[in-house]
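The values are calculated or read from the model by the stated rules, or taken from the named source; none is laboratory data. The shown structure was predicted, so the numbers you read here are calculated from the model rather than taken from an experiment. Heads up, the Cβs are rebuilt from the backbone with ideal geometry, glycines too, and the neighbour counts pull from every protein chain shown.
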Amino acid sequence: MPYTRNWLHLIWSTKNRQPLLAKSFRQKAFYHMRENAQSKGFYIDHINGTANHVHLLISLPAKVSLSDWVRLVKGESSNWINKQDFIKIRFGWQEEYIGISYNESDLNIVREYIRNQEEHHKLQSFEEEYQLLLEKYGFLV
């Protein structure tokens, strides 16, 4: 059995960045995502977000590709949210996502960043944050 620690900070938005994750059910949805991931053998260390996006700190298992991990978690969570009737329109996640790897020594910084999403986005929109992350980590050439 392989023993690995592949720490990734994942970020993705709601479809068309619509503010569909209302405070009234957002934490229930995040709790469900964590529980569902755990049932698949996936570990979510931290999860939080705002009305239009989510941040996760995960440890990626050795036998699962990142794209499969994201597809499974996004797909099941959007189905679950739709079945709960939290909102009147069909919920979905944006297809794209960002995945940034971190080493163990940086995890507390990432955890703090994820915990403070509400405060962070009082100063910076998600669109601004997303663009800065794409530039900072060299995704835009």
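Could you tell me whether the range 28-38 includes any residue that is in contact with a Ser or Thr (Cβ under 6 Å, 6 or more places away or on another chain), at pLDDT 95 or above and not in a helix (DSSP H, G or I)? No: zero hits. For I98, the conditions (1) within 13 Å of the chain's Cα centre (by Cα); (2) closer than 19 Å to F126 by Cβ; (3) buried (at least 19 other Cβ atoms within 10 Å of the Cβ); (4) of a type in the set (V, I, T) all hold with the exception of (3). Against the numbered list (1) outside any loop (DSSP other than H, G, I, E, B); (2) touching a helix residue (DSSP H, G or I) at 6+ places or on another chain (Cβ under 8 Å); (3) β-branched (V, I, T), I87 comes up short only at (1).
Provide a single number: the residues in the range 39-66 that are in contact with a Pro (Cβ under 9 Å, 6 or more places away or on another chain) and assigned to a strand (DSSP E or B). Selection size over the range 39-66: 2. Residue count for the range 28-47 under the criterion of being farther than 20 Å from N103 by Cα and surrounded by 16 or more Cβ atoms within 10 Å (Cβ to Cβ): the result is 7.
Name the residue, out of Y102, Y137, Y113, that is at pLDDT below 95 and not polar (S, T, N, Q). None of the others qualify; the one that does is Y137. Got at least one residue in the range 48-62 being modelled with pLDDT under 95 and touching a Ser or Thr at 6+ places or on another chain (Cβ under 6 Å)? Looking through the range 48-62, at least one residue is modelled with pLDDT under 95 and touching a Ser or Thr at 6+ places or on another chain (Cβ under 6 Å).
G75 falls short on exactly one of the conditions (1) free of Cβ contacts under 8 Å to residues at least 24 places away in the same chain; (2) over 14 Å from the mean Cα position of the chain (by Cα), and that condition is (2). Quick check on S78: is it buried (at least 17 other Cβ atoms within 10 Å of the Cβ) and in a helix (DSSP H, G or I)? So S78 passes the test.
The residue that is nearest to Q124 (Cα to Cα), among those in the range 1-29 that are hydrophobic (A, V, I, L, M, F, W, C) and out of contact with any helix residue (DSSP H, G or I) (no Cβ under 9 Å at 6 or more places or on another chain), is A22.
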